[in-house]
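Please treat every number below as a calculation from the coordinates, not as lab data. It should be emphasised that the depicted structure is a prediction, and the values quoted were computed from it without experimental measurement. Counting neighbours? That spans all protein chains shown, and the Cβs are built from the backbone with ideal geometry, glycine included.
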Amino acid sequence: MSLCCHECGSTDLRTAHLSFRDCLRLVAMKYPVRCRTCKARSYAPLLHALDLPRPQRSRTRDRNNQ
């Protein structure tokens, strides 16, 4: 099954950062994903979402920690 963005149709998705609002959806086995093309946030089945690339840490945060 190929996941695609509900806004632009792109298949270039990654997992999104979790927030407190995602708790109920996680119970329903849905995981937040973000489109790398249009930046839209949506939810995908948990098992499919865990196969997607993880978000990269911001370089500015890395520089501030040094």
Could you run the Karplus curve 6.51 cos²θ - 1.76 cosθ + 1.60 with θ = phi - 60° over segment 21-36 and give me ³J(HN,Hα) per residue in whole Hz, x for Gly and Pro?
5, 7, 4, 5, 5, 5, 4, 7, 6, 10, 10, x, 10, 10, 7, 7
For Tyr43, distant residues with modelled amide H under 5 Å away
Val33
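What ranking do 33-45, 6-18 get when scored by the average of other Cβ atoms within 10 Å per residue, highest first? The partial results should precede the final answer.
Details: 33-45: 15.9, 6-18: 13.9.
In descending order of packing, they fall as 33-45, 6-18.
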With label points built 7 Å along Cα→Cβ from the Cα atoms of Ala40 and Arg14, find their separation and express it in nm.
1.9 nm
